1. Within the stretch 22-69, track down each residue that is in contact (Cβ under 8 Å) with a residue 40 or more places away in the chain and of a type in the set (Asp, Glu).
2. Give me the pairs, please: first residue somewhere in the stretch 74-85 and closer than 19 Å to Val26 by Cβ, second residue anywhere and assigned to a loop (DSSP other than H, G, I, E, B), beta-carbon distance under 9 Å, and either six or more positions apart or on two chains.
3. Return yes or no: is Gly2 on the phi > 0 side of the Ramachandran plot and surrounded by fewer than 17 Cβ atoms within 10 Å (Cβ to Cβ)?
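The values are calculated or read from the model by the stated rules, or taken from the named source; none is laboratory data. Predicted, not measured: the structure shown is a model, and the values here were computed from it. FYI the Cβ positions are ideal-geometry reconstructions off the backbone, even for glycines, and counts take in every protein chain you see. Please note that ligands, DNA and RNA were not included when accessible areas were found on the heavy atoms of the full protein model with its side chains. Shrake-Rupley method; radii C 1.70, N 1.55, O 1.52, S 1.80 Å.
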Amino acid sequence: SGDDVVHGKPHPEIYQLAASRLKVPVEECIAIEDTSYGVQSSKEAGMKCVAFPHPYTRHQDFSRADISVASLNEISLELLSSFYSSQIR
């Protein structure tokens with residue numbers, strides 16, 4: 001959580017910490033974010049990012065996300081696997 005880091009989003013620290021705790025390289029992680037700060041944070045950490053804007057954040061800039069979806073139902077293992085040539089852990 002934000003309580004575990006010194007710098008909040010859009011700083012990448014929270015995503016770097018999460019990847020470290022999972023023992024997974026950031027390059028192998030995919031973030032699902034609903035704010036532009038979250039997208040920025042995950043991208044600066046070196047992760048792929050799926051944007052899921054909701055009614056309160058639709059006006060924000062999600063252009064840095066690798067893909068944007070209108071519904072969480074659009075996020076599938078197949079979609080996430082398409083980011084990588086190797087299988088997701």
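1. First, pick out the residues of the stretch 22-69 that are in contact (Cβ under 8 Å) with a residue 40 or more places away in the chain: 24, 28, 30, 32.
Correct list: Glu28 only.
2. Between residues of the stretch 74-85 that are closer than 19 Å to Val26 by Cβ and residues that are assigned to a loop (DSSP other than H, G, I, E, B), the close pairs are Leu80/Ile88; Ser81/Gln87; Ser81/Ile88; Phe83/Asp66.
3. Numbers: on the phi > 0 side of the Ramachandran plot: no; surrounded by fewer than 17 Cβ atoms within 10 Å (Cβ to Cβ): yes.
No; evaluated as a whole, the condition is false for this residue.
Conditions (1) more than 12 Å from the chain's Cα centre (by Cα); (2) aliphatic (A, V, I, L, M); (3) modelled with pLDDT under 95; (4) open to solvent by 40 Å² or more (accessible area, probe 1.4 Å), marked per residue:
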site: Lys9; (1), (2), (3), (4): no, no, yes, yes
site: Lys23; (1), (2), (3), (4): yes, no, no, yes
site: Glu28; (1), (2), (3), (4): no, no, yes, yes
site: Ala31; (1), (2), (3), (4): no, yes, no, no
site: Val39; (1), (2), (3), (4): no, yes, no, no
site: Cys49; (1), (2), (3), (4): no, no, no, no
site: Val69; (1), (2), (3), (4): yes, yes, no, no
site: Ser85; (1), (2), (3), (4): yes, no, yes, yes
site: Ile88; (1), (2), (3), (4): yes, yes, yes, yes
